[in-house]
Amino acid sequence: VSSISTNSPDLAIELDRSRPRGLRAQIEGELRTAIRSGRLAPGTALPSSRALAADLGVTRGVVVGAYDQLIAEGYLRSRQGSGTVVNATAGPAARPGPASSAPVPPVAVDFHPGVPDLDLFPRSAWGRATRTALQTLPDADLGYIDSRGLPAARRAVAEYVGRARGVSADADHVVICNGFGHGLSLVAAALRRAGHEAVAVEDPGYDGARDTLALAGLQCRGVPVDRHGLTVDALDRTGARAVIVTPAHQNPTGAVLSSDRRTALVDWARAVDGYVIEDDYDAEYRYDRQPAGAIQGLDPARVVYSGTTSKSLAPGLRLGWLVLPDELVGPVTTLRRAADSATSSLVQATFAAFLTAGDLDRHLRRTRLVYRRRRDALMDALDRWFPEATPGGVSAGLQVTITLPDGMDEARFVERAVRAGVRPYPLDRYRVGPRRRSLDPAGLVLGYGHLTPAELEDGARRLGGVAAELPD
Ligand SMILES: Cc1ncc(COP(=O)(O)O)c(C=O)c1O
C-alpha cells in the first residue's frame, strides 16, 4: 500500500494506490467526507490543483477533475483569481438541537450555595506570590515531582492546618491535591482497593461527595443528621467501615458535631478498623461562635483530614490537601502517581509563598467581615419579608438553610420562586433517603456569600412574595 499525504495542515488526504477505485474518486470522497464532517469549514481555501497534484503525486488533471465534480455538487466554489474554497452552504447537515423546552427566565437573585465572592479573590497578593514562586522555584521542581507535592507546600500546609485547625500534621502525611473532590476520589480508590464496598455519608449531605464515591465503585449508606450533627450511633447499622463527615459545619444543615459524638465517632472508626473522612470545606468562616477544631487531632491514625481553597479563595483554583493516616500515605501516593502525577508545581509553590507571607490569614480576616455582614443582611431581610421561614446553620459558612412553613412543598416553592426571579435550592438534592416528614421539615438552602446586601434584600423580598402566594 502506498499512501501519500499532503503537507497542508488542513488537508490530510490519504490515497491508497492498491485500491481499484480511481484516484480521482478517492480524492473526491476524502474531500466530501472532510466537508460533511466540518473538518474543512466553509470558506477554507483549498490548495491550487497544481500544488495538490504535486503533493499527492498525481497528474494535475486528476485533481482538476475532482474539484470540478465537487463544484458541480455544491461542496466547493471557484473564486475568480483566488482558487477554490469550501462553499458557505456546505458543511455538516444541521443537527437537531436539544428538545425545545419552555425558556427558563433569567433569575435576578441566585442563592447558589457555597460559592465565595470571586470578586474578593486576592489578585495582587496572589500575583506577588506567583512572582516569588517563579523567582525561587528550582528548575528541578518544574520536572516530575513527588506525587504528594512540593516539600515547601506540604510544610506550609501542615503549619497552617496545625495552627488554624488543630490538625496534627507533618509534611510527610500531607498530599496536595486539586480540591476536596479530587482528594476524596484518591481516598475512595484506596479504600476500594483495600476491600471497602460502602462508605457512610450524612443524610442530608453533600451530593458531590456521593457522586465521587459512586465513581470509585463504592456504595453510599445514608446516616441521619440531627441538630448535633451525624447520629453516630446509627453508623453500626450501615455495615460500612468508613464515613464522610462535615463536623465543623454540617452541609447543608449547619450543625456542629457535638463533643461526645466526636469522641464516639473516632471510637467507632477504631472499633471497625476503619476511617473517618473529615471534610473541613468551609471551616475558615465562623462568625459568632468559637471555632470547632478538627476531629483529626483526636486520632490522626483513624481520620483522613481534607481541606480546600474552594470556599476561602476560589473553586477555580482547584487546590486542596489531604492529611493522611500513616497507613494510607503509600496507597494514595501510588494512585496519585498513576492518575496524574501531581498538582502543578507552580501553583503549589505560589500557594506556599502566599501562605508563608501571611496572605491567607489577611484575606480571611478581611472576607470574614464581609460575609458576616452579608449573613446579617440576609437575616434582617428574611425577618422583614419572610418571617415564617426558620433559618438554621447561620453562625458559619457561606450559606444558611430555611425551613418552610408547614405544608409547603420544596419543589413547588422553587418552581414558583424561579418564575418570580429568585432561585433557592431545595434540601431534597442533599437527601440520601426519602424525606422522613415528621423529623425532616421541607426546606431550602440559600447561599449568600456571593450576593451584595441589596441583592440579598431583593432575594428575600421575592421569596416572601412566593410564600404569600402559595396556598397552604
Ligand atoms: C461539603 C463540601 N465539601 C467540599 C466542597 C468543595 O469541594 P472542592 O474542594 O472539590 O471544590 C464543597 C463545595 O461545595 C462542599 O459543599
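Can you find, among 51, 145, 74, the residue sitting farthest towards the positive end of the charge dipole of the chain, where Lys and Arg contribute +1 and Asp and Glu -1 at Cβ?
Sorting the options by dipole projection puts first 51.
Quick one: if you stick a label point 7 Å off each Cα along the C-beta vector at residue 334 and residue 36, how many nm between them?
5.0
Where nothing but the Cβ of Lys and Arg (+1) and of Asp and Glu (-1) is charged, how large is the charge dipole of the chain around its Cα centre, in debye to the nearest 20?
1220
Per-residue counts of other Cβ atoms within 10 Å, averaged by peptide: what ranking do you get for 332-342, 115-125, 182-192, highest first? Present the calculation step by step, with values, prior to reporting the outcome.
Values: 332-342: 16.6, 115-125: 14.7, 182-192: 23.5.
Most protected by this proxy first, the peptides run 182-192, 332-342, 115-125.
Does a label point 7 Å from the Cα of residue 435, set along Cα-to-beta-carbon, have any residues of region 390-404 with amide nitrogen under 15 Å, and which are they?
Taking a point 7 Å out along Cα→Cβ of residue 435, the residues of region 390-404 whose backbone N falls under 15 Å are 390, 401-404.
Want the number for residue 88 to residue 236: 0.36 nm per residue separation, take away the alpha-carbon distance, what's left?
My answer for the length gained is 46.6 nm.
Computed FRET efficiency, Cβ-Cβ of residue 192 and residue 80, R0 56 Å: what is it to the nearest 0.05?
Calculated value: 0.25.
Please give the charge dipole size of region 33-89, origin at the Cα centre, charges +1 on K and R Cβ atoms and -1 on D and E Cβ atoms. Round to the nearest 20 debye.
So the dipole magnitude of region 33-89 works out to roughly 100 debye.
Output ³J(HN,Hα) for region 231-248: one whole-Hz value per residue in order, computed from phi by the Karplus curve 6.51 cos²θ - 1.76 cosθ + 1.60 with θ = phi - 60°, and x for Gly and Pro.
My calculation for region 231-248 gives 7, 4, 5, 8, 5, 4, 5, 7, x, 7, 10, 8, 9, 9, 10, 10, x, 6 Hz in order.
In nanometres, what is the gap between the two model label sites at residue 368 and residue 263, each 7 Å from Cα along Cα-to-Cβ?
2.8
Efficiency by 1/(1 + (r/R0)^6): what FRET value for residue 120 and residue 376, r their Cβ-Cβ distance, R0 = 25 Å, to the nearest 0.05? All intermediate terms of the calculation are to be shown ahead of the outcome.
Numbers: r = 17 Å, r/R0 = 0.69.
About 0.90, to the nearest 0.05.
With θ set to phi - 60°, apply the Karplus curve 6.51 cos²θ - 1.76 cosθ + 1.60 along region 290-300 and write out the HN-Hα couplings as whole Hz, x wherever there is a Gly or Pro.
The phi angles translate into 5, x, 8, x, 6, 6, 3, x, 6, 6, x Hz.
Note down the nm distance, to one decimal, between modelled labels 7 Å out along Cα→Cβ at residue 346 and at residue 170.
Spacing of the two 7 Å Cα→Cβ label points: 3.3 nm.
Quick one: length gained pulling residue 25 to residue 470 fully straight, 0.36 nm per residue minus the C-alpha distance?
Net length gain for the segment: 153.3 nm.
What FRET efficiency comes out for the pair residue 419/residue 50, r = Cβ-Cβ distance, R0 = 56 Å, nearest 0.05?
0.30
Charges on Cβ only, +1 for Lys and Arg, -1 for Asp and Glu, centred on the Cα centroid of region 150-248; of 215, 246, 179, which one is farthest towards the dipole's positive end?
179
Coordinate-derived values only; no laboratory data. A quick note: this is a predicted structure, and the numbers were derived from the prediction, not measured. Positions of Cβ are generated from backbone atoms using ideal geometry, with glycine treated the same way; all protein chains shown enter the neighbour counts.
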